[in-house]
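Let me begin by presenting the structure, written as structure tokens, before commenting on it.
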Amino acid sequence: MKFAVIGGGSSYTPELIDGIFAKKEVMPFTEIWLMDTNEERLAINFEFSKRLAERYGAKCKIFKSTNIDEAIKDARYVLTQIRVGQMQARINDEKLGLKYNIIGQETTGVGGFACALRSIPVILNIANKMEVLCPKAFLINFTNPAGIVTEAVIKYSKIRTIGLC
């Protein structure tokens, strides 16, 4: 069973992989694909994930890719944990509310709305690819703002999705 992590270079990835291997009896993945556009961060998490697999005695193969199609093809689960615009976008979003003396951050208020405007098209593109390359897969969305992003996938895609925040 294949599991793909879009945003595999994220600092959240090691904890995610550790949790998967800690529950390997109930999550018997045979392949975990880490996909990211940042090759340096991807390489670090790839090596770390291989060490975790070894530590847990997991019989799961770890792969890395910068190609989303390769990563999600025939996956059973796809988890998205991306930040469109990276950390600078989050900083800009959070400063936007402060500029006008209103509450907000990357998931709520004007900052959350700005984040949603950037993230929704990217996540819908991933969902569209999933419809072709892994139509029976579940999308587990961890991308902020998780609620509105997940709602967009539910309304504008055929992919089954779960949102986490």
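General observations
- Verdict on Leu34 being within 17 Å of Ile126 (Cβ to Cβ), part of a strand (DSSP E or B), in contact with a helix residue (DSSP H, G or I) (Cβ under 6 Å, 6 or more places away or on another chain) and open to solvent by less than 70 Å² (accessible area, probe 1.4 Å): yes
- Test: Ala116 is farther than 13 Å from Val78 by Cβ and either crowded, with 19+ Cβ neighbours inside 10 Å or at pLDDT below 95 (or both): yes
- One residue stands out among those in region 119-134 that are without any contact (Cβ under 8 Å) to a residue 40 or more places away in the chain and more than 11 Å from Val78 (Cα to Cα): the one that is most open to solvent (accessible area, probe 1.4 Å), which is Val132.
- Residue within region 71-79 that is surrounded by fewer than 18 Cβ atoms within 10 Å (Cβ to Cβ), of a type in the set (A, V, I, L, M, F, W, C) and touching a residue at least 12 places away in the same chain (Cβ under 8 Å) present: no
- Some residue of region 7-27 being of a type outside the set (Gly, Ala, Ser), part of a strand (DSSP E or B) and buried (at least 17 other Cβ atoms within 10 Å of the Cβ): no
The values are calculated or read from the model by the stated rules, or taken from the named source; none is laboratory data. Bear in mind that the values here come from a model prediction, so they are computed numbers and not experimental data. Quick reminder, even Gly has a Cβ in these numbers, built from the backbone with ideal geometry, and neighbours come from all protein chains shown. Heavy atoms of the whole protein, side chains included, go into the accessibility calculation; ligands, DNA and RNA do not. Shrake-Rupley method; radii C 1.70, N 1.55, O 1.52, S 1.80 Å.
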